[in-house]
Amino acid sequence: MKSTVETLSPTRVRLAIEVPFVELEPSLRKAYREIAQQITIPGFRKGKAPSAVIDQRVGRGTVLNEAVQEAIPQNILAAVREHEVKTLGRPEVEITEFNDGEALRFTAEMDVRPQLTLPDPSTIEVTVDELQIDESEIDEQVNGLRERFATLKTVERPARDGDYVQIDLAATVDGEEVPGGSATNISHEVGSGQLLPGLDEVLVGLAAGAATSFTTQLVGGDFAGRDADVSVTVRTVKEKQLPELDDAFAQMASEFDTLDELRGDLRQRIERVKRLEQIYAARDKALDQLVEAAEVPAPDGVVREEVEHRKQAMTDQLERIGASWEDYLSSEEKTEADVDTELTEAAGKAVKIQLLLDTLADAEDVQVSDDEFGHEIVQRAQRAGMAPQQYYDQLVRAGTAGAVFGDVRRSKALSLVMERITIKDTTGDPVSMDAIKEATEAEHEQAHEH
């Protein structure tokens, strides 16, 4: 095999490859064997038909084509190694010349990792929001806990917003009962908007035993889009009662003995979340600066593949919840072109960051140990609800184990960046990575406890 490489752009090359016919012989013999296994020829056992008979039956051209399709990837791989090309994405192949008995000539265009000049991460300085905790944020957490421990008490008065009512419903269209349109003894929070449009408005002011009716538009079933008359009868009205805010509440709702201790713990949790928000903001700003300083280009082919991947993931997610692209576009008030533009922008940014971190990992000789890789597999398997070995086997079958390895390596390179950059808040005070690491570890411990 002979090959040359031509640089088309900082992110794309074209390999021109010539393979002498004699080097195609192994692929040709393999093609004959595989075709012989696939066809039945009278007078010959399966897989034992000679080449001349196969040529007569399926055509020499078919065999040559199969041999070439097998030989092309092998020779691309050899040329890539010879020229030390760092490939990205799938190659675009064009056969320029091939005749029986003569050399195979073809080209393979592919995206490649660009040569980047990396700035020193220690020269990067980013500013994040000052860490502030307002008492109202703690109050909000406490009120959330009170809501969880609220009780319902039957009251002899008309319903108000926030009350819980037990109701009977019956819907008709032009006097005809709607299939599935009747229900008895439903529990409903007045003002929540969880049931039919218009229901909450008529419930306010109704006491137990009272009945009324209202008109609403049906959204599903045989009468979808039609107005229905709905009668509603109130069985009971219950008032939500929140527990008193005292030490007894703290003991009931948490492991703490006093309300002050509970509020102190909630303050620490809020602080940990905000410290994590600081590090995420610092990470994003630092990467933006590094990508801009290194002038990282985004290979078009890789970005297109990433857009296709993201779009397919969105389609799969929509299918899982029984929705369509049209539903999604309508709810978001966007066109498909809008979504494509957003996805292309996001994918381009993600690809640039990957290229930057890969280059940094090479420059710093970042290694990934078996334990680190195994830990990532275990984490991903847990999120997927699978056994680690089963998850790993699935990755190998899909050919994506290398991508996971690359993610771990990039993550380690990113950690190096975060250790070296300078982070300050809006007051000019330095933000300590140690405090953020403690916050991260505390979050992990809490997650394991739950």
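Since every read-out is calculated from the coordinates, none of them should be taken as a lab result. For clarity, every value in this text was computed on a predicted model and none was experimentally measured. All Cβ positions, glycine included, derive from the backbone under ideal geometry; neighbour counts span all protein chains shown.
Which whole-number percentage describes the relative contact order of the chain, with Cα contacts under 8 Å and a sequence gap of 6 or more? Write out the running numbers ahead of the final one.
On the way: 588 pairs, mean separation 70.5, N = 450.
16 percent.
Can you give the local net charge around Leu318? Use residues other than it whose beta-carbon is closer than 15 angstrom to its beta-carbon, Lys and Arg +1, Asp and Glu -1. Intermediate results must be reported in sequence, preceding the final value.
On the way: positive: Arg310, Lys311, Arg320, Lys334; negative: Asp316, Glu319, Glu326, Asp327, Glu332, Glu336.
Summing Lys/Arg as +1 and Asp/Glu as -1 gives -2.
Viscosity 0.890 mPa s, temperature 25 °C: Stokes-Einstein D of the stretch 207-258 from its Kirkwood Cα radius, in µm² per second? Could you put the intermediate results ahead of the total?
On the way: Rh = 15.3 Å.
Value of D from the Cα-based Kirkwood radius: 160 µm²/s.
What lysines does Lys274 reach when the alpha-carbon gap must be under 28 Å and sequence neighbours fewer than 8 apart in one chain are set aside?
Output for Lys274: Lys285, Lys349, Lys352, Lys412, Lys424, Lys437.
Using the Cα atoms of the chain, I'd like the radius of gyration and the largest Cα-Cα distance, Dmax, both in angstrom.
Looking at the chain, its Cα Rg and Dmax stand at 33.0, 98 Å.
Taking the dipole about the Cα centre of the stretch 250-449, with the C-beta of Lys and Arg at +1 and of Asp and Glu at -1, give me whichever of Val378, Thr344, Ile321 is farthest to the positive side.
Val378
Enter the Cα centre distance for the pair the stretch 182-238 and the stretch 290-316, rounded to the nearest angstrom.
Each part's Cα centre sits 48 Å from the other's.
Place a +1 charge on the Cβ of each Lys and Arg in the chain and a -1 charge on the Cβ of each Asp and Glu, then give the dipole magnitude about the Cα centre in debye, rounded to the nearest 20.
Values: 49 positive and 89 negative charges, 505 e Å.
I would put it at about 2420 debye.
Under a plain spin-label model, where a point goes 7 Å from the Cα along Cα-to-Cβ, how far apart in nm are Asp429 and Asp100?
Using points 7 Å along Cα→Cβ, the separation is 8.3 nm.
Between Arg90 and Ser415, how many nm apart are label points set 7 Å from Cα along the C-beta direction?
Label-label distance for Arg90 and Ser415, simple model: 3.5 nm.
For Gln389 and Asp362, what does the FRET efficiency come to when R0 = 25 Å and r is the distance between their Cβ atoms, rounded to the nearest 0.05? Write down the numbers at each step before the final one.
Working: r = 31 Å, r/R0 = 1.23.
Approximately 0.25, to the nearest 0.05.
Excluding the sites themselves, what is the longest stretch of the chain that contains no trypsin sites (Lys or Arg not before Pro) in a DSSP loop with at most 12 other C-beta atoms within 10 Å? Numbers along the way, then the final one.
On the way: sites that count: Arg45, Lys46, Lys48, Arg226.
Formally, the longest exposed-site-free interval is 227-450.
Can you give the longest run of the chain that contains no GluC sites (Glu not before Pro) sitting in a DSSP loop with at most 11 other Cβ atoms inside 10 Å? Could the numbers behind the result be given before it?
Numbers: sites that count: Glu84, Glu102, Glu156, Glu244, Glu255, Glu295, Glu333.
Counting at most 11 other Cβ atoms within 10 Å as exposed, the longest clean stretch of the chain is 334-450.
Can you give the FRET efficiency to the nearest 0.05 for Arg45 and Ala313, using r as the Cβ-Cβ distance and R₀ = 41 Å? Please list the in-between numbers first.
Numbers: r = 48 Å, r/R0 = 1.17.
Approximately 0.30, to the nearest 0.05.
Using the charge dipole of the chain (Lys, Arg: +1 at Cβ; Asp, Glu: -1 at Cβ; taken about the Cα centre), state which of Ile17, Thr87, Met252 has its Cα farthest towards the positive end.
Result: Ile17.
How much mean residue ellipticity at 222 nm does the chain get from its helices, if each DSSP H run of length 4 or more adds -39500 (n - 2.57) and you divide by all residues, to the nearest 500 deg cm²/dmol?
On the way: 14 runs with 228 residues, N = 450.
After summing the helix terms and dividing by residue count, I get -17000 deg cm²/dmol.
Quick one: compute the contact order of the stretch 250-449, relative version, from alpha carbon pairs under 8 angstrom and 6+ residues apart, as a percent.
Numbers: 102 pairs, mean separation 51.9, N = 200.
Here the relative contact order equals 26 percent.
Rounded to whole Å and sorted largest first, what semi-axes of the equivalent ellipsoid does the C-alpha gyration tensor of the stretch 2-112 yield via the square root of 5 times each eigenvalue?
Computed over the stretch 2-112, the values are 34, 13, 10 Å.
Quick check for me: using +1 on Lys/Arg Cβ and -1 on Asp/Glu Cβ, what's the dipole size of the stretch 236-336 about its Cα centre, in debye to the nearest 20? Walk me through the numbers before you get to the answer.
Working: 15 positive and 26 negative charges, 28 e Å.
My answer is approximately 140 debye.
About the Cα centre, and with charges only on the beta carbon of Lys, Arg (+1) and Asp, Glu (-1), how big is the dipole of the stretch 380-440? Nearest 20 debye, please.
Numbers: 9 positive and 7 negative charges, 70 e Å.
For this selection, approximately 340 debye.
Measuring from a point 7 Å past the Cα of Glu261 along Cα-to-C-beta, which residues in the stretch 122-155 have an amide N at less than 19 Å?
Taking a point 7 Å out along Cα→Cβ of Glu261, the residues of the stretch 122-155 whose backbone N falls under 19 Å are 142, 145-146.
Would you please give the residues with an amide H less than 5 Å from that of Phe256, counting only those at least 5 places away or on a separate chain, with H modeled from the backbone geometry?
Those lying under 5 Å, H to H, from Phe256: there are none.
Using the Karplus curve 6.51 cos²θ - 1.76 cosθ + 1.60 with θ = phi - 60°, what ³J(HN,Hα) values do you get for each residue of the stretch 170-185, in whole Hz, with x for Gly and Pro?
Each residue of the stretch 170-185 in turn: 8, 10, 9, 10, 6, x, 9, 5, 7, x, x, x, 10, 8, 10, 6 Hz.
By how many nm would the segment from Lys2 to Ala281 grow when fully extended, if each residue of separation counts as 0.36 nm and the alpha-carbon distance is taken off?
Numbers: separation 279, 0.36 × 279 = 100.44 nm, distance 4.99 nm.
The span from Lys2 to Ala281 would gain 95.4 nm if fully extended.
Mind checking which of Gln166, Gln268, Gln289 has the largest fluctuation in a GNM of the chain, springs on alpha carbons under 10 Å?
Looking only at Gln166, Gln268, Gln289, the largest GNM fluctuation is found for Gln166.
List the aspartates and glutamates whose alpha-carbon lies under 14 Å from that of Lys334, not counting same-chain residues fewer than 8 positions away?
Counting by Cα, and skipping residues close in sequence, Lys334 has these aspartates and glutamates nearby: Glu326, Glu342.
Name the residue farthest towards the positive end of the dipole of the stretch 2-112 from the options Leu104, Thr4, Thr62, assuming +1 on Cβ of Lys and Arg, -1 on Cβ of Asp and Glu, about the Cα centre.
Highest projection toward the positive end goes to Thr62.
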